[in-house]
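Values in this text are rule-based calculations from the coordinates and carry no lab data. In this text, all values refer to a predicted model and were calculated from it rather than measured experimentally. FYI the Cβ positions are ideal-geometry reconstructions off the backbone, even for glycines, and counts take in every protein chain you see.
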Protein chains: 2
Amino acid sequence: MTQTPRIPGRVPAAPPTLADVAERAGVSRQTVSNAVNNPELLRPDTLERVQRAISELGYLPNRAARNLRTRASHLIGLRINPVPEGTANATMDRFVHSLVETSSEAGYHVLLFPGDPLDPLSGYDDLLRATAVDAFVVTDTYLGNPQATWLEKRRAPFVAFGRPWDKPDAAHAWVDVDGAAGCDLATTHLLDKGHHRIAWIGWRKDSWIGEDRRSGWYRAMKSRGLSTTGLASRVEDTVHSGRSASAVLLDEAQPSAFVCASDTLAMGVLQTLAERGLAPGRDIAVVGFDDSQVAQVVHPGLTSVRQPLEQVAVEVVTALRGLLGHPPSPPRQVMLTPTLALRGSS
Amino acid sequence: MTQTPRIPGRVPAAPPTLADVAERAGVSRQTVSNAVNNPELLRPDTLERVQRAISELGYLPNRAARNLRTRASHLIGLRINPVPEGTANATMDRFVHSLVETSSEAGYHVLLFPGDPLDPLSGYDDLLRATAVDAFVVTDTYLGNPQATWLEKRRAPFVAFGRPWDKPDAAHAWVDVDGAAGCDLATTHLLDKGHHRIAWIGWRKDSWIGEDRRSGWYRAMKSRGLSTTGLASRVEDTVHSGRSASAVLLDEAQPSAFVCASDTLAMGVLQTLAERGLAPGRDIAVVGFDDSQVAQVVHPGLTSVRQPLEQVAVEVVTALRGLLGHPPSPPRQVMLTPTLALRGSS
DNA sequence: ATGCTCGGATGGATCGTTCCAACGCGGGTG
DNA sequence: CACCCGCGTTGGAACGATCCATCCGAGCAT
């Protein structure tokens, strides 16, 4: 009498349960469960019989029941924040794609939830208390990250994409891309092309990421013994800012190349060049950051530092598996190096 | 003895259950459940007592248990497909943001799963059989949609973003944006600006969406009694195609404006103009489609047809609530009208 | 023949919630 | 006064899976 009577033609047809499979295979429920989760415990002939019943019925374990019993949802929570209009950056969207792909290979699905931009913690708490997700991937660590501290205190498993800028020795798991190395790479590329006066256009000083990227430009210049005086500018991340900053720099410092903290700023530089009849790549070289779609389609192509987001996703998922494993492994901290997507602008 | 002994200091702390709340409030479990789901059934004083206990303990119903009992997950499955590099389109990513936002207001979360581009059905079946999601949002209907037919046969609730091109009278729920109206809008805008020879660059004839958008351009031209002969071109959706198509059209048909089926193609047009020293907006007008980030940051700004994705998300969620309601309401079919984001190129 | 071991299979309990039938109780009716 | 009604509340069962202790039987040593 474990089998509920099914009204014929009931819609949608209720999926088969463990008990259905067990009855068909002539074994107990537990044996079916073992066939699914610990096949090595069964005798080969029993296993085969059960597996045939499973595939004949098209059985798949009910997620809710399994989640309830095992206290795991196999879901990873990811908070997505509104994208500002007018910037070129779609890093997060690209990352989401990679993360979905990678985590699905590890048996996890990605659950998206919206966040109130004013409250960095909103959303996390509810999902945690409802045990709706096993872990989080935290992405917005650029302004300090109360989330990380808070999640650590709640002992909730999470991996951050982005290092803990405000406390570099924090013990939680994180994966990040070395922005300084990226800008070093970009600058060195330009130096190798024969440029000596390479300008920097970056973000305001209170941006950790911005300062990190800037340091890469700085150290590449210094490693060749070149002066950086008057060659740097720090502005808002808008096309307009990039445009006016580059105009000023061209007038006052005569650079032959620009390295920018973002493709958005680089687009501003391209506008200034167009205005002055200068050809990007031939007269003046420009390098952006993030390898956005804009960099790919603009003429003549914008050379740009590309974050290895597929790798980031892989590392994030590896870290998650570690945290959720039995026993959990210690938090991993991984730093990846970006590459340079070469195009016509350099 | 319903209360499991909790090892003190156990990590992470197990969240409180219904039974915990019931004990604290001095009522039965069912009463707490009612307080959460049907507050109107309780006497006001009981309700208040229970609610206080709930907030003191920070109780939230366990998702897995609730899902198991109610046979609903409050999750919406969305399959995401790989984005081709080198195109400007991020419509889907923008839509995902809106969908997450809107569905969360309706009490739903979005579950992302990857799809094998070669198999339009992969992924759906597993989630369905595991009762992991309540419904799907299907987005890739541009090449016919076996998913829709298949899901209908499985009697799985779903809403399509994109009309059923291959069978226009299909009965399932869908929401779409009127691409023809968008291109009509764009073309009429150019006509009102005094243009008479307006060229079309679109996709190959086997794209339903492409033909739909083209028809908008065509009907706007015809409504003013203008000839379209020699003014249309159908190519691949790449910058390069847009560039060469526009070059040919300029040489052979002398248009004063271009309407394109995508921002990617429009970028190609802008390249041709730049090559020939023609100023977009002043010498030749260009309009794209999708209001991508590229349109927003390129100089001097690309006028583009903008899909009301926030509205699409709202309609999709409304349709879903209808399908999942008790009793379910009939499938809604909604057509929305895009707007025109005016910028310097026109 | 008896006892012991051990791989393989089993039934019952359990996770935390909601559905269901029933129950106590105060008030109105015959 | 017995009866019934309906509101508010209750305990037990159920959802479908996994964990746990137990059991059965074949193989081997005593």
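Return the whole-Å distance between the Cα centroid of the range B:65-126 and the Cα centroid of the range A:81-116.
Distance between centres, Cα-based: 11 Å.
How would A:V96, A:V32, B:V287 line up from fewest to most surrounding beta-carbon atoms within 10 angstrom? Write out the running numbers ahead of the final one.
Details: A:V96 23, A:V32 26, B:V287 31.
Ascending number of Cβ neighbours within 10 Å: A:V96, A:V32, B:V287.
Nm distances between the label at A:S227 and the same-position labels in the remaining copies, 7 Å along Cα→Cβ, shortest first?
6.5
Let me check I have the definition right: for chain A, take the eigenvalues of the Cα gyration tensor, multiply each by 5, take square roots. What are those semi-axes in whole Å, largest first?
Numbers: eigenvalues 548, 82, 66 Å².
Taking √(5λ) for each Cα gyration eigenvalue gives 52, 20, 18 Å.
Counting only residues 5 or more places away or on other chains, whose amide H sits under 5 Å from the amide H of A:A199 once H atoms are built in the peptide plane?
A:S256, A:A257, A:F258, A:V259
How would you rank A:L231, A:L336, going from fewest to most other Cβ atoms within 10 Å of each one's own Cβ? Walk me through the intermediate numbers first.
On the way: A:L231 22, A:L336 17.
Listing A:L231, A:L336 from fewest to most nearby Cβ atoms yields A:L336, A:L231.
Only sites in a loop by DSSP and with at most 14 other Cβ atoms within 10 Å count here; which trypsin sites (Lys or Arg not before Pro) in the range B:77-184 make the cut?
On the way: sites: B:R79, B:R94, B:R129, B:K153, B:R154, B:R155; in loops: B:R154, B:R155.
Within the range B:77-184, the qualifying trypsin sites (Lys or Arg not before Pro) (loop, at most 14 other Cβ atoms within 10 Å) are B:R155.
How far, in degrees from 0 to 90, does helix A:309-324 lean away from the longest principal axis of the Cα atoms of chain A, to the nearest 10?
40
For the residue pair B:A14 and A:R43, what label-to-label distance in nm results when each label sits 7 Å from Cα along the Cα-to-beta-carbon direction?
Spacing of the two 7 Å Cα→Cβ label points: 3.7 nm.
Under 5 Å between amide hydrogens, which residues at least 5 positions from B:Q333 or on another chain qualify, with H placed 1.01 Å from N in the peptide plane?
Those lying under 5 Å, H to H, from B:Q333 are B:W174.
How far, in degrees from 0 to 90, does helix A:208-223 lean away from the longest principal axis of the Cα atoms of chain A, to the nearest 10?
Value to nearest ten degrees: 50.
Given Cα pairs under 8 Å that are at least 6 residues apart, what percent is the relative contact order of chain B? Present the calculation step by step, with values, prior to reporting the outcome.
Details: 619 pairs, mean separation 54.6, N = 346.
Reported relative contact order: 16 percent.
Counting Lys and Arg as +1 and Asp and Glu as -1, what is the net charge of the other residues whose Cβ lies under 10 Å from the Cβ of B:W200? Show your work: numbers first, answer last.
On the way: positive: B:R213, B:R214, B:R234; negative: none.
Here the count lands on +3.
From the helices alone, meaning DSSP H stretches of at least four residues, give me the mean residue ellipticity at 222 nm for the protein assembly as shown, per-run term -39500 (n - 2.57), in deg cm²/dmol to the nearest 500.
On the way: 26 runs with 294 residues, N = 692.
Here the helix-only value at 222 nm equals -13000 deg cm²/dmol.
Assuming a strict under-27 Å limit between Cα atoms, what lysine pair count do you get for chain B once near-sequence pairs (fewer than 8 apart, same chain) are dropped? List each step's numbers first, then the result.
On the way: B:K153/B:K167; B:K167/B:K205; B:K193/B:K222; B:K205/B:K222.
Summing the qualifying lysine pairs gives 4.
Of all trypsin sites (Lys or Arg not before Pro) in the range B:258-324, which ones are in loop regions per DSSP and have a Cβ with at most 15 other Cβ atoms within 10 Å? Don't skip to the answer; put the middle values down first.
On the way: sites: B:R276, B:R282, B:R306, B:R321; in loops: B:R276, B:R282.
Sparse-neighbourhood loop trypsin sites (Lys or Arg not before Pro): B:R276, B:R282.
Quick one: 3J(HN,Hα) in Hz for the range A:341-346, Karplus 6.51/-1.76/1.60 with θ = phi - 60°, rounded, Gly and Pro as x.
My calculation for the range A:341-346 gives 8, 7, 9, x, 7, 9 Hz in order.
Read phi for every residue in the range B:288-296 and hand back ³J(HN,Hα) as whole Hz from Karplus 6.51 cos²θ - 1.76 cosθ + 1.60, θ = phi - 60°, with x for Gly and Pro.
For the range B:288-296, the Karplus-derived couplings read x, 9, 2, 6, 6, 4, 4, 4, 7 Hz, x marking Gly and Pro.
With each pseudo-label sitting 7 Å past Cα toward Cβ, what's the A:T339-A:Q254 distance in nm, one decimal?
Going from the A:T339 label point to the A:Q254 one covers 3.8 nm.
With N denoting the number of residues in the protein assembly as shown, provide Rg(C-alpha) divided by 2.2 N^0.38 Å, to two decimal places.
Numbers: Rg = 28.4 Å, N = 692, 2.2 N^0.38 = 26.4 Å.
Rg over 2.2 N^0.38 Å, computed on Cα atoms: 1.08.
What is the distance in Å between the Cα centres of the range A:290-346 and the range B:258-277?
The range A:290-346 and the range B:258-277 have Cα centres separated by 31 Å.
Label the range A:13-57 by shape, choosing from rounded, prolate and oblate, from the square roots a ≥ b ≥ c of the eigenvalues of the Cα gyration tensor; if a/c is under 1.5 it is rounded, and otherwise prolate applies when a/b is larger than b/c, oblate when it is not. Before the final figure, lay out the partial values.
On the way: a/c = 1.96, a/b = 1.72, b/c = 1.14.
Prolate, because a/c is 1.5 or more and a/b exceeds b/c.
Taking a point 7 Å out from Cα toward Cβ as the label site, list the nm distances between A:R52 and the same residue in every other copy, smallest first.
Copy-to-copy label distances for A:R52: 6.4 nm.
Relative to the Cα centre, what is the charge dipole magnitude of the protein assembly as shown, using +1 at the beta carbon of each Lys and Arg, -1 at the beta carbon of each Asp and Glu, and rounding to the nearest 20 debye?
Details: 72 positive and 74 negative charges, 257 e Å.
Dipole size: approximately 1240 debye.
Do me a favour and compute the ellipsoid semi-axes for the range A:179-306 from its Cα gyration tensor, root of five times each eigenvalue, largest one first, whole Å.
On the way: eigenvalues 67, 51, 43 Å².
Computed over the range A:179-306, the values are 18, 16, 15 Å.
Closest to the A-onto-B rotation axis, which residue of chain A has its Cβ, and how many Å off the axis is it?
Axis relating chain A to chain B; nearest Cβ residue and distance: A:D93, 2.
How far is B:Y142 from itself in the other copies, in nm, if each label sits 7 Å out from Cα along the Cα-Cβ line, shortest first?
Copy-to-copy label distances at B:Y142, shortest first: 2.9 nm.
Which whole-number percentage describes the relative contact order of the range A:179-306, with Cα contacts under 8 Å and a sequence gap of 6 or more? List each step's numbers first, then the result.
Working: 247 pairs, mean separation 32.3, N = 128.
RCO, the range A:179-306: 25 percent.
Calculate the FRET efficiency for A:S223 and A:D126 from the Cβ-Cβ distance with a Förster distance of 51 Å, rounded to the nearest 0.05. Walk me through the intermediate numbers first.
Working: r = 49 Å, r/R0 = 0.97.
Using R0 = 51 Å, I get an efficiency of 0.55.
Do any GluC sites (Glu not before Pro) in the range A:31-89 lie in a loop, going by DSSP, with at most 14 other beta-carbon atoms within 10 Å of their beta carbon, and if so which?
On the way: sites: A:E40, A:E48, A:E56, A:E85; in loops: A:E85.
Filter output for the range A:31-89: A:E85.
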